[in-house]
1. May I ask what percent, to the nearest 5, of DSSP beta bridges between residues of segment 1-99 are antiparallel?
2. What do you get for trypsin sites (Lys or Arg not before Pro) in segment 46-135 restricted to DSSP loop and a cutoff of at most 15 other Cβ within 10 Å of the site's Cβ?
3. Would you calculate the separation in nanometres between label points at PHE255 and GLU308, each defined as 7 Å from the Cα along the Cα-to-beta-carbon direction?
4. Normalised by the residues of segment 1-95, what does the relative contact order come to in percent, with Cα pairs under 8 Å and at least six apart?
5. With every protein chain kept in place and ligands, DNA and RNA left out, what is the accessible area per residue of segment 1-160? Probe 1.4 Å, answer in Å².
6. Subtracting the Cα-Cα distance from 0.36 nm times the residue separation, let me have the gained length for THR80 to ASP21 in nm, one decimal.
7. Residue separation times 0.36 nm, minus the C-alpha to C-alpha distance between ASP284 and SER315: what's the value?
8. Would you check the accessible area of ASP87, probe 1.4 Å, heavy atoms only, in square angstrom rounded to 10?
Amino acid sequence: MIERLGFGAAPIGNLYREVSDDDARAVLAEAWAAGVRSFDTAPHYGLGLSERRLGAFLRERPRDAYRLSTKAGRLIVPRTGRRAGTDEANGFAVPDDHVRLWDPSLAGIRRSLDDSLERLGVDRVDTLFLHDPDVHGLDEGLRLGLPALARLREAGLVDEIGIGVNSVAAAVRAVRAGDLDVVMIAGRYTLLEQPAAEELLPLCARRGVRVLAVAVFNSGLLASDNPTTAHYDYGAVPPELAARTERLREVCTRFGVALPAAALQYPLLHPAVDQVFVGTARADEMRANAAHLATTIPGELWTALREERLIPEPS
């Protein structure tokens, strides 16, 4: 079992492109065969498609053999207005017959969990995250959503509660405001950029909050051979980050290390980071990710990256 690597299921919700049911199942099977036993999804991913596909796979495995997390805050409800045809404006190649409704209230969070359990086809998830409250209204999200999550934990409906965001500032506020068990921070503690290192990671370490580093390839940029055609934060790659990526690649190549291997392992060097999560819809990429995690990386590589001011000195 690979304890420090988790699978992020956004891509099997048709992130950016259509993925067949067979391909979704194949990548999940590859993750399982590699020893991955932590899986994360969300209603947002493909308007529920990710949860349905992940649940169909996991229902065939012993429930105590894996850890499962999903997210709340966005309800998925039938669309009543005019349709555009697809949900590609939100990044997912699925029909837009449903919409996302922001509701961080206790009733909304409970309904979201119940809906997720139905889509997943399981009786429980281990961890429930408040999803992207900074996108819809951070003050309301923290004021209503965090106590709602705590109520569900107190009732024994979930083991852990947390927040899943791209924003370091939002994560810091959430850790200070709520009794959280875990923070999922996307794209903000990676080989490319480390804004989470200044305040968030030390704060989590002091409070005993587990940190999950996700989007460690910055939406694929650090795993791509061509930064000009890759994504960064689900959009186009800024030229300065494309150049920085190539500098990182040059140093890694000097030490005979693939850039994705360094990118996958770098967040785990920080004592506050418990796991990294990667998402893909391709079985061969999942196989490569498992190999990257097993790659031996010389300490001299990290030293060289610090000397070239591509990563900070350890705090």
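1. Numbers: 4 of 10 bridges.
Counting DSSP beta bridges with both partners in segment 1-99, the antiparallel share is about 40 percent.
2. Of the trypsin sites (Lys or Arg not before Pro), the ones in loops of segment 46-135 whose Cβ has at most 15 other Cβ atoms within 10 Å are ARG59, ARG79, ARG82, ARG83, ARG124.
3. Between PHE255 and GLU308, the label points sit 1.1 nm apart.
4. Dividing the mean separation by the residue count of segment 1-95 yields 36 percent.
5. Working: 6990 Å² over 160 residues.
Dividing the accessible area of segment 1-160 by its residue count gives 44 Å².
6. 18.5 nm
7. Going from the current span to full extension adds 7.6 nm.
8. 10
The values are calculated or read from the model by the stated rules, or taken from the named source; none is laboratory data. Predicted model only: the values in this text are computed from it and were never measured. Cβ sites come from the backbone with ideal geometry, for glycine too, and all protein chains shown count toward neighbours. Side chains included, ligands, DNA and RNA excluded: accessible areas come from the protein's heavy atoms. Shrake-Rupley method; radii C 1.70, N 1.55, O 1.52, S 1.80 Å.
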